[in-house]
Amino acid sequence: MPVIGSEIDRETLSLVVTTELDAPVERVWQLWADPRQLERWWGPPGWPASFPLHDFVVGGESRYRMTGPEGEISAGWLRFMRLEAPHRIELDDGFAGDDGEPNADMPTTRMVVDIAPTPEGRARMSLRTVFASIDDLEQITGMGMVEGMTAAMGQIDAIVAERAA
């Protein structure tokens with residue numbers, strides 16, 4: 001499992017999940033840029049994701065749906081605020097309603113993805129999610145965000161190994 005740590009910091013209203021992958025940073029960038037690869041790891045096991053819209057440019061948006069084992073749907077959206085290939089992505093992340101449009105009744109977070117090489121030639125990817133308030137942090141982490149993100153990122157090693165073979 002590639003996740004090497006996760007930390008909730010209530011003072012900075014943030015959650016950081018870090019993974020190390022046996023791949024160069026350029027390869028890890030592709031996990032975000034290519035919607036077919038993103039679909040394979042964005043949802044945790046048992047909750048596969050589909051990205052019918054993925055406009056990976058500054059100001060672009062993605063819309064996704066995750067389908068649970070009993071057919072339940074969880075939809076969301078991403079808006080790309082900053083892209084510095086292949087090292088940094090800043091995006092807003094939120095929930096969507098049944099129509100795929102942003103759900104204003106649910107919190108929106110800012111996610112900063114940093115991808116850096118390690119001395120061993122691997123890539124370290126950190127996802128830092130920043131919440132607007134302690135209530136938002138508690139609500140979203142209470143819904144299982146840490147466990148879901150950790151499980152989702154645990155699927156990346158197989159994708160990277162498959163492409164390398």
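Bear in mind these aren't lab numbers, they're just calculated from the coordinates by the rules spelled out. In this text the structure is predicted, and so the values were computed from the model without any measurement. Methodologically, a virtual Cβ is constructed for each residue, glycine included, from the backbone with ideal geometry; neighbour enumeration extends over all protein chains shown.
Using a 7 Å offset from the Cα along the Cα-to-Cβ direction at both Asp98 and Glu162, what is the distance between the two label points in nm, to one decimal?
Label-label distance for Asp98 and Glu162, simple model: 3.2 nm.
Test of understanding: what is the full-extension gain from Gln155 to Met143, defined as 0.36 nm times their sequence separation minus their Cα-Cα distance?
This chain segment gains 2.3 nm when fully extended.
Using Cα springs under 10 Å in a Gaussian network model of the chain, which residue among Gly142, Gly76, Gly94 shows the largest mean-square fluctuation?
Gly142
Work out the charge dipole of the chain with +1 on the Cβ of Lys and Arg and -1 on the Cβ of Asp and Glu about the Cα centre, then indicate which of Gly97, Ile134, Val28 is farthest towards its positive end.
Of Gly97, Ile134, Val28, it is Val28.
With the contact rule set at Cα under 8 Å and sequence spacing of 6 or more, what percent relative contact order holds for the chain?
28 percent
By how many nm would the segment from Glu70 to Arg82 lengthen if fully extended, with 0.36 nm per residue of separation less the alpha-carbon distance? Kindly include the intermediate steps, with their values, before the conclusion.
Details: separation 12, 0.36 × 12 = 4.32 nm, distance 3.59 nm.
This chain segment gains 0.7 nm when fully extended.
One quarter of the convex hull surface, Cα atoms only: what value does that give for region 3-164 in nm²?
Projected over every direction and averaged, the Cα hull of region 3-164 covers 9.2 nm².
Suppose every K and R has +1 on its Cβ and every D and E has -1 on its Cβ; what is the size of the dipole of region 3-164 about the Cα centre, in Debye to the nearest 20?
Magnitude of the dipole: close to 520 debye.
Can you put Trp41, Trp47 in order, fewest other beta carbons within 10 Å first?
Ranked by crowding around the Cβ, least crowded first: Trp47, Trp41.
Starting from the Cα-Cα distance between Arg110 and Arg36, subtract it from 0.36 nm times their residue separation and give me the gain in nm to one decimal.
Going from the current span to full extension adds 24.3 nm.
So which chymotrypsin sites (Phe, Trp or Tyr not before Pro) in region 60-155 end up in coil per DSSP with only 16 or fewer other C-beta atoms within 10 Å?
Sparse-neighbourhood loop chymotrypsin sites (Phe, Trp or Tyr not before Pro): none present.
Under 11 Å from the Cβ of Arg124, count the other residues' Cβ atoms, weight Lys and Arg +1, Asp and Glu -1, and hand me the total.
-2
So how far, in whole Å, is the C-alpha centre of region 46-80 from the one of region 87-163?
Taking the Cα centre of each part, region 46-80 and region 87-163 sit 12 Å apart.
For the chain, what is the calculated [θ] at 222 nm in deg cm²/dmol (nearest 500), taking -39500 (n - 2.57) for each run of four or more DSSP H residues and dividing by its residue count?
-7000 deg cm²/dmol
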